[in-house]
């Protein structure tokens with residue numbers, strides 16, 4: 001059987017498995033074992049356990065449970081509420097100030113958690129009811145939170161960047177720095193669209209004569225100071241040459257735990273059980289997907305499927321930007337159906353040699369790939385953030401939430417185009433701080 005037919009069979013069965021709703025890790029593992037047995041015989045099964053273990057035998061992976069714990073500790077505390085209230089007091093005079101405050105809170109929260117669902121849920125639980133209470137249109141209230149939540153996987157520290165770095169052996173420190181300016185740019189684009197649509201609809205969230213006093217404004221600053229201290233602390237130990245990404249994750253987790261205990265008085269066993277349970281559940285899920293994806297990659301390589309695909313694309317002899325457009329469409333379609341972690345671990349080893357051969361910067365491409373994954377988080381049919389927001393506001397029809405996310409999807413597509421025209425937005429900061437490796 002030719003590699004092309006084998007590849008079509010693998011693609012068909014993998015899509016059927018993912019669309020069936022089966023757990024991604026177990027589905028990928030099962031498909032890998034089945035194809036290894038069919039095409040290489042039962043004698044090849046001895047590599048399964050070794051490959052599965054090798055996928056997890058990487059010290060860098062220690063950072064994943066640590067960053068997940070950061071998100072769990074902050075998400076279980078009133079931190080989202082405090083962030084949202086503090087920003088609202090400073091931004092309330094803007095049209096749509098409350099929605100813009102939520103987007104700002106999402107951006108700061110993203111720098112603490114590295115998780116899109118955690119970011120979306122933490123800010124949304126407070127922000128959506130408050131916006132709706134003040135009369136914000138449902139599509140803006142829900143769509144802005146869906147979009148803001150996606151910043152969790154772009155603004156560092158990002159679990160997505162860690163997975164991409166592991167899969168392609170790219171510097172995680174450089175990837176983190178590369179996500180800063182695009183993350184701020186995307187936050188600004190979200191805010192600009194929100195401000196425009198609220199202004200166009202002539203909506204005000206506060207009375208014309210409503211004012212927060214300067215005293216009330218400055219009273220809110222201590223509420224966000226601990227967040228800024230944690231972000232600064234993690235960035236300092238990471239880029240000051242003091243710690244590796246794994247060690248920096250430990251510092252961040254320790255600081256978040258300390259803040260939860262000291263500031264929010266979260267020392268009851270019940271509260272800590274919830275944090276540890278959520279951390280363990282999400283970490284094990286991600287690590288299982290990583291191990292299964294490594295086995296899946298081994299199966300693709302041993303059957304010469306990745307080499308055949310890469311060669312077929314190389315033989316097309318198309319312009320490299322046409323190639324990049326095709327890769328973006330491919331990633332968008334994958335993101336519609338498959339969780340970001342699975343997409344990255346399955347596709348990065350295949351796409352990496354292709355983008356390197358085409359002369360693209362792998363660090364820059366990591367940012368492009370992540371924004372594609374962000375689109376998948378707020379685009380049907382899967383759209384994880386859409387369903388998180390739907391659970392927060394169950395009386396808002398899901399279709400209305402989806403329509404509310406469309407302008408933000410277009411903002412992300414525009415961001416990809418801007419980054420293609422001006423790749424320095426992603427590459428300038430890592431080159432400036434860590435030296436140019438080209």
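Any chance segment 330-342 includes a residue that's farther than 24 Å from residue 138 by Cα, out of contact with any strand residue (DSSP E or B) (no Cβ under 8 Å at 6 or more places or on another chain) and either at pLDDT 90 or above or in a loop (DSSP other than H, G, I, E, B) (or both)? Scanning segment 330-342 turns up at least one residue that is farther than 24 Å from residue 138 by Cα, out of contact with any strand residue (DSSP E or B) (no Cβ under 8 Å at 6 or more places or on another chain) and either at pLDDT 90 or above or in a loop (DSSP other than H, G, I, E, B) (or both). If you filter segment 10-29 down to residues that are loosely packed, with under 15 Cβ neighbours inside 10 Å and part of a helix (DSSP H, G or I), you find that the one that is modelled with the lowest pLDDT is 19. Scanning segment 319-370 for residues that are under 19 Å from the mean Cα position of the chain (by Cα), exposed (fewer than 15 other Cβ atoms within 10 Å of the Cβ) and farther than 16 Å from residue 416 by Cβ turns up just one, 337. For segment 170-193, the criterion of a residue being closer than 21 Å to residue 417 by Cβ and out of contact with any helix residue (DSSP H, G or I) (no Cβ under 8 Å at 6 or more places or on another chain) is satisfied by at least one position. Regarding residue 227, is this residue surrounded by fewer than 24 Cβ atoms within 10 Å (Cβ to Cβ), under 18 Å from residue 71 (Cβ atoms) and touching a residue at least 12 places away in the same chain (Cβ under 8 Å)? The answer is yes for residue 227. With respect to the conditions (1) over 27 Å from the mean Cα position of the chain (by Cα); (2) in a helix (DSSP H, G or I), residue 94 falls short on a single one, namely (2).
Out of curiosity, is residue 296 closer than 30 Å to residue 414 by Cα, touching a residue at least 24 places away in the same chain (Cβ under 8 Å), assigned to a helix (DSSP H, G or I) and out of contact with any strand residue (DSSP E or B) (no Cβ under 8 Å at 6 or more places or on another chain)? The answer is no for residue 296. From the list 187, 194, 170, the lone residue that is buried (at least 18 other Cβ atoms within 10 Å of the Cβ), in a loop (DSSP other than H, G, I, E, B) and modelled with pLDDT of 80 or more is 170. Residue pairs whose Cβ atoms lie under 7 Å apart, sitting 6 or more positions apart in sequence or on different chains, and linking a residue in segment 51-71 that is at negative phi and crowded, with 23+ Cβ neighbours inside 10 Å to a partner that is modelled with pLDDT of 75 or more and outside any helix (DSSP H, G or I), are 67/157. For the residues 158, 77, 116, 101, the requirement of being in contact (Cβ under 8 Å) with a residue 12 or more places away in the chain, farther than 21 Å from residue 383 by Cα and surrounded by 23 or more Cβ atoms within 10 Å (Cβ to Cβ) singles out 101. Take residue 371 and tell me if it is closer than 22 Å to residue 24 by Cβ, out of contact with any strand residue (DSSP E or B) (no Cβ under 7 Å at 6 or more places or on another chain), touching a residue at least 40 places away in the same chain (Cβ under 8 Å) and part of a helix (DSSP H, G or I). Here the answer is yes, as residue 371 does meet what is asked.
Conditions (1) in contact with a strand residue (DSSP E or B) (Cβ under 6 Å, 6 or more places away or on another chain); (2) closer than 30 Å to residue 356 by Cβ; (3) in a helix (DSSP H, G or I), marked per residue:
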site: 387; (1), (2), (3): no, no, yes
site: 402; (1), (2), (3): no, no, yes
site: 408; (1), (2), (3): no, no, yes
site: 417; (1), (2), (3): no, yes, yes
site: 426; (1), (2), (3): no, yes, yes
site: 436; (1), (2), (3): no, yes, no
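Here residue 266 qualifies as in contact (Cβ under 8 Å) with a residue 40 or more places away in the chain, part of a loop (DSSP other than H, G, I, E, B) and surrounded by 15 or more Cβ atoms within 10 Å (Cβ to Cβ). Taking the conditions exactly as written (within 19 Å of residue 161 (Cα to Cα), assigned to a helix (DSSP H, G or I), in contact (Cβ under 8 Å) with a residue 40 or more places away in the chain and out of contact with any strand residue (DSSP E or B) (no Cβ under 8 Å at 6 or more places or on another chain)), does residue 221 satisfy them or not? Judged against the criteria, residue 221 is not a match.
The values are calculated or read from the model by the stated rules, or taken from the named source; none is laboratory data. In this text, all values refer to a predicted model and were calculated from it rather than measured experimentally. All Cβ positions, glycine included, derive from the backbone under ideal geometry; neighbour counts span all protein chains shown.
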